[in-house]
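The structure appears below as structure tokens.
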Amino acid sequence: MPSLEVLIAFATAAIIMSASPGPSNMYVMARTIEKGFLGGLEAALGLAVGCLIHVVAASLGLAAIFKHSPEIYLALKLAGAAYLIYLGISYWLTAKKSSSQETLEHTNSKTNNETSNKTNSNTSAVKVFIQSVIVELTNPKTALFFIAFLPQFVNAESGSVPAQLFILGMVFTTIAFISDLMVASFSSKISHWLKTNPKAQLIQDKICGGILAALGVSIILEEAQTNLNSN
């Protein structure tokens, strides 16, 4: 069991890391702009599950494999970046499709619209959750944290190393979830403003797509710059 001093130091570091801009924060913001606070909550829950998988992996020693296999770590970063770009492009395509079908949608009855919106909302919730899990699993920021930073707070003399990793991982997951909820709460104000505009859905899709695609591109560029500096 980690000591109280270690837990306090670790929690402080986790708060700083969770509050700093990164893929998770930006993803929650994009989802909240799209669907409001509920979308941000769905994303936060998915990210938390993804984070828990990282915790289990670290506890079982998989973190050591990534640490000693740079190729795997690089593949993880690129896979995450590519997935974010894919989601961003999907948003833009959705925005284009929504714009072309806008007139047709206005001819639907109120009852049909409510039924359709409810169905789409349910389907979207599942998709958002699954995509959020994938985003967190391929998030290089989280992977780096569990690979390089988390083990620094583990002391073999304090008991089982896997147990310590699990406890610290749960602390980080809880803090990250609270941070994501705060991002969702702030971003929901932006979402509310967008919904008061005639082209709200089109604007939302383009903003969400732009954020996610730009995030993916930035990760790839950062990795390319790192490789250039190392050569």
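The values are calculated or read from the model by the stated rules, or taken from the named source; none is laboratory data. These numbers were taken from a predicted model, which means no experiment stands behind them. Note that each Cβ is placed from the backbone with ideal geometry, even for glycine, and that neighbours are counted across all protein chains shown.
Which of (1) modelled with pLDDT of 80 or more; (2) in contact with a Leu (Cβ under 7 Å, 6 or more places away or on another chain) does Ile203 not meet, given it meets every other one?
In the conditions (1) modelled with pLDDT of 80 or more; (2) in contact with a Leu (Cβ under 7 Å, 6 or more places away or on another chain), Ile203 misses (1) alone.
What number goes with the only condition from (1) closer than 21 Å to Pro151 by Cα; (2) under 15 Å from the mean Cα position of the chain (by Cα); (3) modelled with pLDDT under 80; (4) of a type outside the set (A, V, I, L, M, F, W, C) that Pro23 does not pass?
Among (1) closer than 21 Å to Pro151 by Cα; (2) under 15 Å from the mean Cα position of the chain (by Cα); (3) modelled with pLDDT under 80; (4) of a type outside the set (A, V, I, L, M, F, W, C), Pro23 violates only (1).
If you check Ala30, Ala58, Ala75, Ala64, which single one turns out to be at pLDDT 80 or above and out of contact with any His (no Cβ under 6 Å at 6 or more places or on another chain)?
Among Ala30, Ala58, Ala75, Ala64, only Ala30 is at pLDDT 80 or above and out of contact with any His (no Cβ under 6 Å at 6 or more places or on another chain).
Given the structure, is Ala44 part of a helix (DSSP H, G or I), closer than 23 Å to Pro151 by Cα and at pLDDT 80 or above?
Criteria not met by Ala44.
Name the single residue that is farthest from Phe145 (Cα to Cα) among those in segment 1-20 being in a helix (DSSP H, G or I) and of a type in the set (S, T, N, Q).
Step by step, filter segment 1-20, then rank; the result is Thr12.
Has segment 4-11 got any residue that is surrounded by 17 or more Cβ atoms within 10 Å (Cβ to Cβ) and within 11 Å of the chain's Cα centre (by Cα)?
For segment 4-11, residues surrounded by 17 or more Cβ atoms within 10 Å (Cβ to Cβ) and within 11 Å of the chain's Cα centre (by Cα): absent.
Can you pull out the residues in segment 150-170 that are small (Gly, Ala, Ser) and part of a helix (DSSP H, G or I)?
Ala156, Ser158, Ala163, Gly169
Being modelled with pLDDT of 75 or more, exposed (fewer than 14 other Cβ atoms within 10 Å of the Cβ) and in contact with a helix residue (DSSP H, G or I) (Cβ under 9 Å, 6 or more places away or on another chain) is the filter here; which residues of segment 131-159 pass it?
Matches in segment 131-159: Asn155 only.
Within segment 215-231, track down each residue that is over 16 Å from Thr138 (Cα atoms) and either touching a residue at least 24 places away in the same chain (Cβ under 8 Å) or not in a helix (DSSP H, G or I) (or both).
Residue satisfying the conditions is Asn231 alone.
Within segment 12-45, how many residues are surrounded by fewer than 18 Cβ atoms within 10 Å (Cβ to Cβ), polar (S, T, N, Q) and closer than 20 Å to Ile167 by Cα?
Here the count works out to 1.
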